[in-house]
Amino acid sequence: HVRSVTKEDVEVKFIRSGGAGGQNVNKVNTKADIRLKIQDQDWIPDQVKAQLARRERNRVNKDGELVVASTKHRTQKKNLEDALGKVQRMLDDAVTSLLPIEANPVKEKKIKKKLRQANEKRLDGKKKHSMKKKERRRKDW
């Protein structure tokens, strides 16, 4: 498990946000744009860094920064919290995806049973189709 992302770990920039908000939207810089330099974070294990970069490759720029923006709210504080939450979820998902999946014997048994039934059904269908064609070939009618 990795620790929570804090404001000190990221580079924060506030810019003008688009969308609804009337005249206020043109005056106030509420959009939170945060950048996390993945390789510079020694508190993130190397495997997690690699997994994060792989999973979020469209959000990582050529400088190796994970870029996340938030325009959900109308205040800087709430947008910053939202963006940090997004980064935290990405990190947690990267950690979770590296954990091995435990084999469930009951589930495996069910899956094998379904596969066997599907295969038997397919072969049965082929047999019936073959018999239908065989019947048409008979000449003693």
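The values are calculated or read from the model by the stated rules, or taken from the named source; none is laboratory data. All of these numbers come straight from a predicted model, not from anything done at the bench. Positions of Cβ are generated from backbone atoms using ideal geometry, with glycine treated the same way; all protein chains shown enter the neighbour counts. We work out accessible area using only protein heavy atoms, side chains counted, and drop any ligands, DNA or RNA first. Shrake-Rupley method; radii C 1.70, N 1.55, O 1.52, S 1.80 Å.
If you go through the range 84-133 and pick out every residue that is more than 16 Å from the chain's Cα centre (by Cα) and not basic (Lys, Arg), you end up with 21.
In the range 92-101, the count of residues that are closer than 22 Å to Val12 by Cα and not small (Gly, Ala, Ser) is one or more. Remark: pairs (first residue in the range 1-25, loosely packed, with under 14 Cβ neighbours inside 10 Å; second residue of a type in the set (Lys, Arg); Cβ separation under 6 Å; 6+ apart in sequence or on different chains) = Glu11/Arg35; Ile15/Lys31.
Looking for whichever is modelled with pLDDT of 90 or more, acidic (Asp, Glu) and more than 13 Å from Lys31 (Cβ to Cβ) here; the options are Glu102, Glu81. Which one fits?
Glu81
Quick check on the range 64-74. Is at least one of its residues open to solvent by 60 Å² or more (accessible area, probe 1.4 Å), in contact (Cβ under 8 Å) with a residue 24 or more places away in the chain, β-branched (Val, Ile, Thr) and not in a helix (DSSP H, G or I)? Yes.
Any residue at all in the range 20-30 that's part of a helix (DSSP H, G or I) and under 24 Å from the mean Cα position of the chain (by Cα)? Write out each step before concluding.
Our first condition is that a residue be part of a helix (DSSP H, G or I); within the range 20-30, this holds for 24-27.
Filter once more, keeping what is under 24 Å from the mean Cα position of the chain (by Cα): none.
No: the range 20-30 contains no residue that is part of a helix (DSSP H, G or I) and under 24 Å from the mean Cα position of the chain (by Cα).
Sort out which residues of the range 94-141 are out of contact with any Asp or Glu (no Cβ under 9 Å at 6 or more places or on another chain), within 30 Å of Arg59 (Cβ to Cβ) and open to solvent by less than 100 Å² (accessible area, probe 1.4 Å), and write them in order of number. Val95, Thr96, Ser97, Leu98 - these are the residues of the range 94-141 that are out of contact with any Asp or Glu (no Cβ under 9 Å at 6 or more places or on another chain), within 30 Å of Arg59 (Cβ to Cβ) and open to solvent by less than 100 Å² (accessible area, probe 1.4 Å). Contact map, the range 31-52: first residue at negative phi, second residue of a type in the set (D, E, K, R) and open to solvent by less than 60 Å² (accessible area, probe 1.4 Å), Cβ cut-off under 6 Å, separation 6 or more or different chains; pairs are Arg35/Glu65; Lys37/Glu65; Ile38/Lys49. Just checking, which of Asp33, Asp92, Asp82, Asp124 is in contact with a strand residue (DSSP E or B) (Cβ under 7 Å, 6 or more places away or on another chain) and part of a helix (DSSP H, G or I)? That would be Asp82, the only listed residue that is in contact with a strand residue (DSSP E or B) (Cβ under 7 Å, 6 or more places away or on another chain) and part of a helix (DSSP H, G or I). Number of residues in the range 43-60 that are more than 30 Å from Asn24 (Cβ to Cβ), in a loop (DSSP other than H, G, I, E, B) and open to solvent by 20 Å² or more (accessible area, probe 1.4 Å) equals 5.
For beta carbons closer than 7 Å, sequence separation of 6+ or different chains, a first residue in the range 89-102 that is among the hydroxyl-bearing types (Ser, Thr, Tyr) and a second that is outside any loop (DSSP other than H, G, I, E, B) and open to solvent by less than 80 Å² (accessible area, probe 1.4 Å), the qualifying pairs are Ser97/Gln51.
For every residue, the table says whether it meets (1) of a type in the set (Asp, Glu); (2) farther than 30 Å from Ile44 by Cβ; (3) modelled with pLDDT of 95 or more.
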position	(1), (2), (3)
Ser97	no, no, no
Val106	no, yes, no
Lys114	no, yes, yes
Glu120	yes, yes, yes
Gly125	no, yes, yes
His129	no, yes, yes
Arg137	no, yes, no
